[in-house]
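Down below is the structure, laid out as C-alpha cells.
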Amino acid sequence: MERKIAIIGAGVSGLLACKYTLENGFKPIVFEARSGIGGVWSQTIESTKLQTPKSFYQFSDFAWPNSVTETFPDHNKVMEYLQAYAAHFNLFPSIKFDTKVTSIDRLVPSDEDEHSWDLWGGTGKPFSSSGKWNVTVQEARNAYQVDFVILCIGRYSDLPNTPDFPMNKGPEVFDGKVLHSMNDDLAAELINGKRVTVIGFQKSAVDVAAEVANRNGVRYPCTLLFKTVHWMVPDYFLWSTFRSLNRWTELIIHNPGEGFFSWLLALSLSPLLWLSSKVVESCLKWTFPLKKYNMIPGHSFLNQISSCMFTVLPRNFYDRVQGGGLSLMKSRSFTFCKNGLVIDGETTPLVTDIVIFATGYKSDEKLKNIFKSTYFQKQITGSSAPLYREGIHPQIPQLAILGYADSPSILRTTEMRSKCLAHFLAGNSNLPTIKEMEHNVMNWEKSMRLYAGESYRRSCVSVLLQKYSNDQLCKDMRCNSKKEKMVFG
C-alpha cells in the first residue's frame, strides 16, 4: 500500500525531506505557501549573507559551483544554489506552490486511546493502520488525508516577536512607519533619506542597521537600540572557531548519558574550555573598541555559542559608528511617542521616521498554531525539553519536525536528520518507548543547560554537542560516524 507523506514548507529542510523521501521510494506532497522555494532566504535584505562558512553550509552530494569563491556568499548566491539543488534532484514536480497549510489534525478511531500507548503511535513504527492526518489548505474545498506529516515551517518567518507596550504608548501613537525585519517592503527606497531606528541585537538587527548606515551615511544616522550586548565576531574569526570544533574538543564536553570515565575526563579538561573562551573574549576586546562604546557583554563567549547565538560583525561596523553614520544605544525599555521613541533614562525623545523591529520570531507559537488539537498544542508549548533526535515529539505520533532545531551548521545537521527520518520511514529502524524517549530528551536538556545557563533554548543544539548529536543519528542508521573527518560530522 502506498503511504502518503505531506511535507509542509519548501525551505532548506523541506527540500531535504523531499529529496530523501523520494530516494526511499515515497511520493511526498510538498506544500509551500509562497511562489518559490528557499524559505527565509527568499525574503531577506540585500546585504544578507551566510554567517556560516559555505563549506559548512553545503549539501553532502551537491557542492557549491566553482564560480562561488567567497567564503560567505550573499543571499542571491544561496538562492541560486538552492534552486540548482532542487532542479538537479527533480524536486519541483513534488511541490505545490502558493498552497498555504492552515492547520493539521490527527484522525483516529473513537475507540483508540493514544494517551495510553507505551510505544510511539502504538507500535514505534512510522505508519499506523488506523491513524491519519488531515492537512487543511487555505481556500481548498477538501483537506488532504495523509499517513505522515513532516513539518518544515522554519523558525525565522511569519510570526514576529515584538514587545508589548502600555496603552497609548505603542506604535499606534507614532506618526512614522513601524516594520519588522521580516517585511517584504523593507527596501532601499523606503529607508533612503530617513532617520531609522533598528530594535534588537541579533543577526538581522546588526545586518539591517549596517545596511541602513551604509546607505544613509552621517546625514541621516541610523540608531541601533538594544537591551543586551552580545559578542560579535568577524567572519574570518568565525571560520577558525568552526575549524577548532573537532573530535578532540569533543573530549572536553559533557555529553548526555555519559559514563563515569567520560564525565571524569571532561571534568578534568573543562578548564581548557573556559580558557579558550577567555582568549576569544580578550582578542575581540583588543581588536575592536568594545570598551569605548560600552559593548562588552555581561556573559561569556562560551555561554553565547552554547545558546546558538552566532552574530557576525559586519565589515566596517565600528568605522560607521566612529564616523557618525551609526549610533549605538542601550536601554532596558522604551515607548513610542508622536515623533519617535521615549528611551528609558533619556530626557528627550529619539526623533525617528522609521522603526524596524529585528527582535526575532515566536517560533514555538508558530509551531503550536498549526495544530488544530489543543492537546497537541499543549505538547508543543508545555515543555522546555528538546525534541527526540531534534525531530520527533514523543507524544505526537506519525509526525516529524525538521528545521526547528538550530545549530551553527544548520544545513548539514538538517541533512543528517532528513536521512535518518527517511531511513525510519522506510522501515529500517524503530523508535524506543515513549518513556525512553522522554528520558533521553531530559538528559539532553540537562546537558544543554550546563553550558547555556539562563540562555538555554530547547531549539538550540549547542555547537559543543553537535558531533555527539550526529553520532546518535548515525547510530540509529547503523552507520559509522567516527570515520567522518568533517568538523560537524
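A Cβ distance below 7 Å, combined with a sequence gap of six or more or placement on separate chains, defines the contacts here; from the stretch 54-78, residues that are closer than 26 Å to K419 by Cα and without any contact (Cβ under 8 Å) to a residue 12 or more places away in the chain reach residues that are in a loop (DSSP other than H, G, I, E, B) and aliphatic (A, V, I, L, M) in the pairs K77/V68.
Could you tell me whether any residue of the stretch 144-156 is in contact (Cβ under 8 Å) with a residue 40 or more places away in the chain, within 20 Å of K362 (Cα to Cα) and of a type in the set (S, T, Y)? There is at least one residue in the stretch 144-156 that is in contact (Cβ under 8 Å) with a residue 40 or more places away in the chain, within 20 Å of K362 (Cα to Cα) and of a type in the set (S, T, Y). Enumerate the pairs (first residue in the stretch 171-198 and surrounded by fewer than 16 Cβ atoms within 10 Å (Cβ to Cβ); second residue anywhere and modelled with pLDDT of 80 or more and in a helix (DSSP H, G or I)) with beta-carbon separation below 7 Å, excluding pairs fewer than 6 apart on the same chain, so at least 6 apart or on different chains. Qualifying pairs under 7 Å: A188/R215; N192/R215; N192/N216; G193/N216.
Rundown of residues vs (1) assigned to a helix (DSSP H, G or I); (2) under 30 Å from the mean Cα position of the chain (by Cα); (3) of a type outside the set (D, E); (4) at pLDDT below 95, yes/no style:
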position	(1), (2), (3), (4)
A87	yes, yes, yes, no
P93	yes, yes, yes, no
I104	no, yes, yes, no
S130	no, no, yes, yes
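Residues in the stretch 320-372 that are among the β-branched types (V, I, T), assigned to a loop (DSSP other than H, G, I, E, B) and in contact (Cβ under 8 Å) with a residue 60 or more places away in the chain: T352, T359, I370. Scanning for something under 29 Å from G122 (Cβ atoms) and among the hydroxyl-bearing types (S, T, Y), does the stretch 353-374 turn up at least one residue? So far as the stretch 353-374 goes, yes, one or more of its residues are under 29 Å from G122 (Cβ atoms) and among the hydroxyl-bearing types (S, T, Y). If we scan the stretch 408-428, do we find a residue that is of a type outside the set (K, R), under 24 Å from M309 (Cα atoms), open to solvent by less than 20 Å² (accessible area, probe 1.4 Å) and assigned to a loop (DSSP other than H, G, I, E, B)? The answer is yes, given that some residue of the stretch 408-428 is of a type outside the set (K, R), under 24 Å from M309 (Cα atoms), open to solvent by less than 20 Å² (accessible area, probe 1.4 Å) and assigned to a loop (DSSP other than H, G, I, E, B). Only one entry in V212, V218 is open to solvent by 50 Å² or more (accessible area, probe 1.4 Å), aliphatic (A, V, I, L, M) and either within 23 Å of L350 (Cα to Cα) or without any contact (Cβ under 8 Å) to a residue 24 or more places away in the chain (or both), namely V218. Within the stretch 27-36, the residues that satisfy the criterion of being open to solvent by 30 Å² or more (accessible area, probe 1.4 Å) and in contact with a Lys or Arg (Cβ under 9 Å, 6 or more places away or on another chain) are K27, I29, A33, R34.
Within the option set R332, R315, being under 22 Å from T162 (Cβ atoms) and of a type in the set (K, R) holds for one residue only, R332.
Checked against (1) among the aliphatic types (A, V, I, L, M); (2) touching a helix residue (DSSP H, G or I) at 6+ places or on another chain (Cβ under 6 Å); (3) closer than 15 Å to Q202 by Cα; (4) open to solvent by less than 10 Å² (accessible area, probe 1.4 Å), I305 passes all but condition (4). Can you pull out every residue in the stretch 106-128 that is at pLDDT below 80 and in a loop (DSSP other than H, G, I, E, B)? Of everything in the stretch 106-128, those that are at pLDDT below 80 and in a loop (DSSP other than H, G, I, E, B) turn out to be P109, S110, D111, E112, D113. Can you find a residue in the stretch 85-108 that is without any contact (Cβ under 8 Å) to a residue 60 or more places away in the chain and crowded, with 19+ Cβ neighbours inside 10 Å? No, because not a single residue in the stretch 85-108 is without any contact (Cβ under 8 Å) to a residue 60 or more places away in the chain and crowded, with 19+ Cβ neighbours inside 10 Å. Looking across the stretch 239-293 at every residue that is outside any helix (DSSP H, G or I) and modelled with pLDDT of 85 or more, the one that is most open to solvent (accessible area, probe 1.4 Å) is identified as K291.
Within the stretch 373-389, residues that are small (G, A, S) sit with their Cβ atoms under 8 Å from residues that are open to solvent by 50 Å² or more (accessible area, probe 1.4 Å), at 6+ positions apart or across chains, in these pairs: A385/E438; A385/M442. Could you list, in sequence order, all residues of the stretch 212-238 that are in contact with a Pro (Cβ under 7 Å, 6 or more places away or on another chain) and of a type outside the set (A, V, I, L, M)? Answer for the stretch 212-238, where residues must be in contact with a Pro (Cβ under 7 Å, 6 or more places away or on another chain) and of a type outside the set (A, V, I, L, M): H230, W231. Among the conditions (1) surrounded by fewer than 19 Cβ atoms within 10 Å (Cβ to Cβ); (2) on the phi > 0 side of the Ramachandran plot, the only one that G39 does not satisfy is (1). For E438, the stated conditions hold: it is surrounded by fewer than 21 Cβ atoms within 10 Å (Cβ to Cβ) and at pLDDT 75 or above. Answer yes or no: is there a residue in the stretch 70-80 that is among the polar types (S, T, N, Q) and open to solvent by 20 Å² or more (accessible area, probe 1.4 Å). Looking for residues that are among the polar types (S, T, N, Q) and open to solvent by 20 Å² or more (accessible area, probe 1.4 Å), one finds at least one in the stretch 70-80, hence yes.
If you filter the stretch 330-385 down to residues that are surrounded by 20 or more Cβ atoms within 10 Å (Cβ to Cβ) and polar (S, T, N, Q), you find that the one that is farthest from the chain's Cα centre (by Cα) is T352.
The values are calculated or read from the model by the stated rules, or taken from the named source; none is laboratory data. This one's a predicted model, so the numbers in the text were calculated from it and none came from an experiment. Cβ coordinates were reconstructed from backbone atoms using ideal geometry, including for glycine residues, and neighbour counts include every protein chain displayed. The area values use the complete protein model at the heavy-atom level, side chains included, leaving out ligands, DNA and RNA. Shrake-Rupley method; radii C 1.70, N 1.55, O 1.52, S 1.80 Å.
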